[in-house]
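Below: the structure, in structure tokens.
Taken together, the values in this text are just the output of simple stated rules run on the coordinates, not laboratory data. Note that the coordinates shown come from a computational prediction; the quantities given were computed from them, not determined experimentally. Virtual Cβ from ideal backbone geometry, glycine too; neighbours counted across all protein chains shown.
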Amino acid sequence: MNVQFLLKEKTMKTSVVIPMNEWKKIQNRLKPRSSDFWETLPEHVRESIGRGQKQAAAEQVTSNEEVMQKYAKYL
């Protein structure tokens, strides 16, 4: 790839110039997927995530330390 840099005061790179075909390749890689990730999840998974978000908002949570202490004997 033929990359050119635009400089400020001979030392500070301020911009990059790349060939148009390379720019198009980059844009194609960065395009958002046609389907939304959330929509690909099964309904029961979305419901479970929703319940967890409500519990977290209501501060009905258990710290990782507490969980690890409780279940350490199984690890």
Efficiency of FRET between E39 and N64 - r from beta-carbon atoms, R0 35 angstrom, step 0.05: 0.70
Rounded to the nearest 20 debye, dipole of the chain from Cβ charges on Lys, Arg, Asp, Glu: 480 debye
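Name the longest site-free stretch of the chain, where the excluded sites are trypsin sites (Lys or Arg not before Pro) in a DSSP loop with no more than 12 other beta-carbon atoms within 10 Å. Display every interim value, and only then the final one.
Details: sites that count: K10, R33.
Between exposed loop sites, the widest span is 34-75.
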Projected label distance in nm at R51 and N28, using a 7 Å step from Cα toward the beta-carbon: 4.4 nm
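Is it possible to state the helix-based mean residue ellipticity at 222 nm for the chain, with each DSSP H run of 4+ residues giving -39500 (n - 2.57), the sum divided by total residues, to the nearest 500 deg cm²/dmol? What is it? Working shown, then result.
Values: 4 runs with 38 residues, N = 75.
Here the helix-only value at 222 nm equals -14500 deg cm²/dmol.
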Rounded, prolate or oblate (a/c below 1.5 giving rounded, otherwise prolate when a/b exceeds b/c) for the chain by Cα gyration tensor: prolate
